[in-house]
Structure formats: structure tokens, C-alpha cells
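Here the structure comes first, spelled out in C-alpha cells, and everything after it is commentary.
What follows is calculated from the coordinates using simple rules that are stated; it is not laboratory data. None of these values were measured; they are calculated from a predicted model. Positions of Cβ are backbone-derived with ideal geometry, glycine not excepted, and every protein chain shown enters the neighbour counts.
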Amino acid sequence: MRSYAARYKEISSSIVCSTKFGRYPKISLEQVWNLIESDGWMVNFAGYDQVVEINPVGQGRGIYSSVKFNHLIAVIDDNVYVFDESLNKRLVGNMTTFTGDVFISENNINQIAISDLQNIYVYNYGNETFIKANINFTPGYITFQNGRFISPDTSSNQWRLSQTNDGSIWPGTISDTQYIGALQTKPDFAMATIRFPGRGNLLYVMGKTVTEPWYDIGAQLFPYQRSPSVNVDYGCLNSATIAYGDNIICWLAANESSGPVILYTNGGDIVPISTDGIDFKLAQLVQPENAYAFMFKQDGHLLYVITWPTDNITYIYDFNTKKFFNISDPNFNHHIAKRIAFFNNKYYFVSFIDGNLYELSSEILSANGMQIPRVIIPPTIRLPNQGRFVCGYTGFTIEEGMATNDGNPPIAQMAMAKDGNGNFGSYYTKVLNQVGQRQNRLIWWQLGSANDLTFQYRFYGLSRFVATNGLTGIYQ
């Protein structure tokens with residue numbers, strides 16, 4: 001075997017990669033599904049399990065974790081539930097809407113405010129009351145800062161402040177100018193107001209085409225003052241895509257002269273995180289405004305997860321590695337997580353597909369008991385002289401010998417495309433070693449000739465997958 005392999009020039013088998021496909025398949029087919037990079041290895045993206053059945057034919061709308069109340073709040077259909085540390089649920093109120101986005105925030109006097117884009121509801125867990133606030137505007141994304149709830153009026157350029165220490169009162173009449181702000185940079189509609197994490201008194205007011213930084217300076221007439229020298233020339237395409245964590249806000253942005261783009265900021269510079277391939281995909285979306293996003297941490301990696309349910313796509317962006325990846329349900333449809341919250345040292349989410357509660361964790365190896373398809377399409381192998389070559393073998397290091405939840409050995413499959421356009425042939429299957437048999441050499445031999453060779457690897461099984469780069473042997 002040594003003399004056979006000696007004929008070949010060895011080049012890297014780039015298993016550690018990401019989703020950054022080109023505008024056309026010939027440019028790049030590179031994609032990764034349901035795996036992310038960690039320490040130079042590819043590892044499982046988190047799996048999920050249903051933990052509470054609430055309404056299998058319902059719809060998850062929003063979820064929030066209250067540190068002060070030490071309960072989880074979830075909105076399913078028109079019902080508002082709270083969950084204790086043991087996930088025992090209790091119905092605390094009903095809304096007048098059954099579908100659509102909801103946004104949730106909390107103040108320091110036991111009030112949790114819920115906006116359903118039509119009304120604001122206030123649940124007081126101190127005296128167990130649930131009321132609809134008397135407002136004269138159309139609310140949107142709601143936040144809390146310095147004693148007040150803050151919400152845009154999505155039917156105008158205004159944004160409103162609640163009365164200090166009372167989210168059930170929103171003065172906001174013409175004579176109450178101390179409670180009304182307005183977007184000023186462009187003619188626009190207000191979309192969201194969001195307290196900037198880690199930036200003290202900074203408030204971002206987002207319109208459809210512009211974002212303005214405002215600061216709470218404690219003034220008597222109106223407490224906020226707009227930054228006179230800075231604004232962001234992008235607004236928010238959908239406030240449901242706003243997510244924040246670790247002093248970062250990320251959202252799906254747009255303006256009057258640009259299509260959708262994913263941006264983030266730390267309160268200073270605005271950074272686009274799209275790639276040429278991602279931008280091209282966004283430009284092809286049928287309903288780019290129908291999007292949802294959240295941010296969470298998986299094993300120290302800060303991940304922004306964005307889903308377009310109509311277009312059936314979910315991407316994640318890893319702020320640690322600065323890379324995109326695809327994630328999906330077991331059938332390669334978009335991921336089912338809609339909104340997420342961190343509670344009792346675990347992540348829980350409500351979903352697009354039903355009205356139940358789920359846990360998301362890297363320790364969960366399946367999608368509610370079903371296999372998660374994990375796919376790597378590494379960069380295409382091409383020679384600088386465009387010459388034809390013979391591929392003698394390809395292989396890489398992968399963890400084997402691990403126990404699985406169902407007792408069946410996991411498998412790895414490889415297929416090849418030799419036309420540069422992603423027309424993959426048959427899959428060649430390798431059954432991975434059983435429990436305790438960890439010595440391995442995962443390799444495929446005698447793969448034929450090509451001048452444009454792309455591999456696709458698929459991994460199936462109720463187990464974890466850990467793989468890193470290997471070698472491919474070619475000769476001319």
C-alpha cells in the first residue's frame with residue numbers, strides 16, 4: 001500500500017469549512033449543514049427535545065426568561081404561560097390575537113410587558129394581574145431602560161415612553177411631549193427601540209431605512225437626546241430579526257436603495273456579515289421580510305440564528321469563527337426554533353411547527369428523537385493548470401467507537417461531483433466502528449479522474465460527530 005500511495009501528491013481534504021457557496025455552483029459549492037467549527041474540528045450543532053407539550057396544533061409566538069421572577073414566560077396562540085424551575089406551567093392571561101409576532105420585556109416593579117403589534121399587555125407577577133394597557137399608538141418591539149418601557153409607534157415615526165415604574169400607563173398625548181420621541185434623520189416609520197447591551201444609556205431607535213442612536217441624559221422635558229453626528233443608514237427589515245448578546249446587536253437590515261443585508265454593531269462601527277454567496281441568496285428570497293432570529297451561545301460560541309420560513313432556509317453566523325453554516329430539521333427544511341430563552345441554565349425555545357416547549361443543547365444528539373442529517377461539501381479541487389488528474393484516495397480523521405442512543409452504528413457517506421455544478425453521483429457508505437473500537441482510518445480509494453472534483457460527506461446516526469481535515473492523493 002505504501003508503494004501505491006507513493007505515486008500520489010497529497011493535498012488537504014478540507015473537512016473544516018463553512019457555508020460560503022458562490023453566486024453560481026461553478027464558483028463554489030462549499031456548504032456545511034448542522035455542524036459548526038470548534039478548535040479546528042467540525043462538531044455537532046445543538047439538537048433539541050420536546051420538554052413540555054402545550055398545544056401540538058398551536059403556534060409558538062414568543063418566549064422570555066425573567067431573572068427577578070425566576071420563571072419562564074411563553075406565548076402560545078393567545079395564551080400566556082409561566083413555567084417554574086421544574087417546567088410546571090400555569091396560564092396567567094389571554095391576548096386578543098392568536099398569531100403574529102410578540103415581544104416581551106420586564107421592569108423592576110414586577111411587571112412584564114408583552115407587545116403583539118396591536119396592544120401592550122402587562123402581567124404583574126406580584127399581585128397576579130393581567131391587563132391590557134390603554135394606549136393610543138400601534139406598538140412594536142418593546143424594551144426597558146432606566147425605569148421605563150419603550151416602544152415604537154409603527155404607524156408613524158414616533159416612539160413612546162411608558163410612565164416611570166408603571167408599564168400600564170403610556171401618557172403620549174400632544175401635551176405629554178416628555179413621553180414622545182421621533183425619528184428625525186429621514187422620513188420613516190419607527191420599527192423598534194432597543195436598549196443597547198453594555199452601553200449604559202444608549203438606545204437604538206430603528207426605522208425601516210435608518211437607525212438613530214439616542215442617549216438618556218436625564219433631561220427634564222424629554223430624557224433622551226439624539227446623537228448629533230452619528231446615524232446608521234440602514235433600518236430594520238423585520239424587528240423579529242433583532243437579537244443581542246455580548247455587547248452586540250445583530251439584525252436583518254435594509255434601506256431605500258439596498259436589498260436585505262445582515263448587520264451587527266457593538267455600538268460603534270456597523271459591520272455587514274454577509275458573503276457574496278449569502279448576499280446572492282438573500283437577493284433571491286421570495287419573502288425576505290418574513291424572517292426570525294435569535295442569538296445564543298453553544299459551548300462558548302456566540303451564534304446568530306436567522307430563519308426565513310417561507311423560503312425554507314436557516315443560517316447561523318458564528319461570531320467566534322466569523323463563518324456561516326446551514327441548519328435544518330431532519331428533512332432539510334428550515335430549523336424549527338423561532339424564539340429562545342436561557343432559563344435555569346438551559347436554553348428553551350418555542351417553534352414554528354407547534355405550540356410546545358423545546359430544549360436546545362449540544363448534549364442532545366437528535367431532533368426530538370430523529371436523526372439530524374449532517375453534511376459537509378468542502379471546497380472543490382482544481383489544479384492551477386486546469387489539468388486532468390487521477391484521485392487515488394481521500395480520507396480524514398473522525399471520532400469512532402462512541403456509544404449511540406439507539407445502539408446502531410453511525411455511518412459516513414461520500415459522493416462526488418465532477419462537473420463543477422453539484423451533480424453528485426452515488427454515495428459510498430462506511431459504517432463507523434462500534435463502541436470501544438476507536439482506532440480508525442476513514443478513507444475511500446480509487447475515485448477516478450477529473451479536472452474539477454467536489455466531495456460531499458454525509459453523517460447519520462444518533463451520536464456525536466467530530467471530524468477534522470485529512471488528505472487527498474492525486475497524480476497526473
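Rank-order 323-335, 418-430, 360-372 by packing density, defined as the average count of other C-beta atoms within 10 Å over each peptide's residues, highest first.
323-335, 360-372, 418-430
Mind checking the range 345-397 for trypsin sites (Lys or Arg not before Pro) that DSSP puts in a loop (not H, G, I, E or B) and that have at most 12 other Cβ atoms within 10 Å?
Those satisfying the criteria are R388.
Using the Karplus curve 6.51 cos²θ - 1.76 cosθ + 1.60 with θ = phi - 60°, work out ³J(HN,Hα) for each residue of the range 347-363 in order, rounded to whole Hz, and write x for Gly and Pro.
3J(HN,Hα) across the range 347-363, in whole Hz: 9, 10, 9, 9, 10, 6, 8, 7, x, 9, 9, 10, 9, 10, 7, 6, 7.
For S257 and D78, compute 0.36 nm times the residue count separating them, minus their Cα-Cα distance, and round to one decimal in nm. Can you show the working numbers first?
Details: separation 179, 0.36 × 179 = 64.44 nm, distance 3.76 nm.
The S257-D78 span can extend by a further 60.7 nm.
Beyond a 18 Å Cα-Cα separation, which of these cross-linked pairs lie in this structure: K20/K323; K281/K418; K186/K208; K68/K297?
Where the Cα-Cα span goes over 18 Å, the pairs concerned are K281/K418; K68/K297.
Can you give the extra length, in nm with one decimal, that the chain gains between N345 and A219 once fully stretched, where that is 0.36 nm per residue apart less the Cα-Cα distance?
So the chain would gain 41.4 nm between N345 and A219.
Excluding M191 itself, calculate the net charge of residues whose Cβ lies under 12 Å from the Cβ of M191, where each Lys or Arg counts +1 and each Asp or Glu counts -1.
With Lys, Arg at +1 and Asp, Glu at -1, the neighbours total -4.
With θ set to phi - 60° and the Karplus curve 6.51 cos²θ - 1.76 cosθ + 1.60, what are the ³J(HN,Hα) couplings of the range 96-112 in order, to the nearest whole Hz, using x for Gly and Pro?
With coefficients 6.51, -1.76 and 1.60, one gets 8, 10, 10, 9, x, 6, 10, 10, 10, 8, 8, 10, 9, 10, 6, 9, 10 Hz.
Specify, per residue and in Å³, the volume enclosed by the convex hull of the alpha carbon atoms belonging to the range 122-248.
So the per-residue Cα hull volume is 123 Å³.
Across the Cα atoms of the chain, what radius of gyration and what greatest pairwise Cα-Cα distance (Dmax) are found, in Å?
Rg then Dmax for the chain, in Å: 25.3, 90.
Name the residues whose placed amide hydrogens come within less than 5 Å of the amide hydrogen of H71, ignoring near sequence neighbours (fewer than 5 apart) on the same chain.
S66
What's the local net charge at A74, with K and R +1, D and E -1, over the other residues with C-beta under 9 Å away?
Here the count lands on +3.
I need the fraction of alpha carbon pairs in the range 1-143 separated by more than 23 Å, rounded to a whole percent. Each step should come with its number before you reach the end.
On the way: 5724 of 10153 pairs.
More than 23 Å apart: 56 percent of the Cα pairs in the range 1-143.
When the helices in the chain are scored as -39500 (n - 2.57) per DSSP H run of 4 or longer and the sum is shared across all residues, what 222 nm value do you end up with, to the nearest 500 deg cm²/dmol?
So the calculated ellipticity at 222 nm is -500 deg cm²/dmol.
Seen from all sides and averaged, what is the projected area of the convex hull of the Cα atoms in the range 323-404, in nm²?
It is 9.4 nm².
Which whole-number percent gives the relative contact order of the range 47-368, counting Cα pairs below 8 Å spaced six or more residues apart?
16 percent
So between S156 and I443, what do we pick up on full extension, going 0.36 nm a residue minus the alpha carbon distance?
97.1 nm
Quote the charge dipole size of the chain about the Cα centre in Debye, to the nearest 20; the model charges only the Cβ of Lys and Arg (+1) and of Asp and Glu (-1).
1440 debye
Residues with beta-carbon under 13 Å from that of R464, excluding R464: net charge, scoring Lys, Arg +1 and Asp, Glu -1?
Taking every other residue near R464 into account, the sum is -3.
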